[in-house]
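**Student:** If you scroll down you'll find the structure; I have some questions about it.
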Amino acid sequence: MLTKQQYKAACERIEELLQTVGNETPTTDRNFIELDFLSDFVAEYEKHHFPIGKLTLPDVLKTRMIEQNLSQKRLAALLGISASRVSEYLRGKSDPTLRIARRMHERLDIDANILLCTA
């Protein structure tokens, strides 16, 4: 496992290598090999030190609202539900029914795995 100093140095070296290694670089090129090697170590370090938490439906809904410039009222209309129900979903106070979860998947392109974990 890398130390914090080694991690920083590896990230800096990766940035340098990205200036010379591209899609056309052969996999046998020493810079490509070094980049691949360092990337694996950095990924492992980040996995342990900067874990990504599980996505929640409220977080995904808020993100979609920002991406699509939707207010709670417009989101409610899009899903065919009340604005107060949307508020409950955004606060994590209630879970959508399977019918509403399907609409969220179809109309907001929310991953079914996220919806099935709550519905």
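The values are calculated or read from the model by the stated rules, or taken from the named source; none is laboratory data. Predicted, not measured: the structure shown is a model, and the values here were computed from it. Don't worry about glycine lacking a Cβ; one is built from the backbone with ideal geometry, like all the others, and counts go over all protein chains shown.
**Student:** Name the single residue that is modelled with the lowest pLDDT among those in segment 25-57 being of a type in the set (Ser, Thr, Tyr) and surrounded by 11 or more Cβ atoms within 10 Å (Cβ to Cβ). Step through it out loud before you land on a result.
**Tutor:** Residues of segment 25-57 of a type in the set (Ser, Thr, Tyr): 25, 27-28, 39, 45, 56.
Filter again for surrounded by 11 or more Cβ atoms within 10 Å (Cβ to Cβ), leaving 25, 39, 45, 56.
Details: THR25: 94, SER39: 95, TYR45: 93, THR56: 90.
Looking at residues that are of a type in the set (Ser, Thr, Tyr) and surrounded by 11 or more Cβ atoms within 10 Å (Cβ to Cβ), I get THR56.
**Student:** Let me confirm something: among LEU2, LEU35, LEU61, which residue is in contact with a helix residue (DSSP H, G or I) (Cβ under 7 Å, 6 or more places away or on another chain) and not in a helix (DSSP H, G or I)? Talk me through it step by step, then tell me what you get.
**Tutor:** Numbers: LEU35 fails: not in a helix (DSSP H, G or I); LEU61 fails: not in a helix (DSSP H, G or I).
Result of the check over LEU2, LEU35, LEU61: LEU2.
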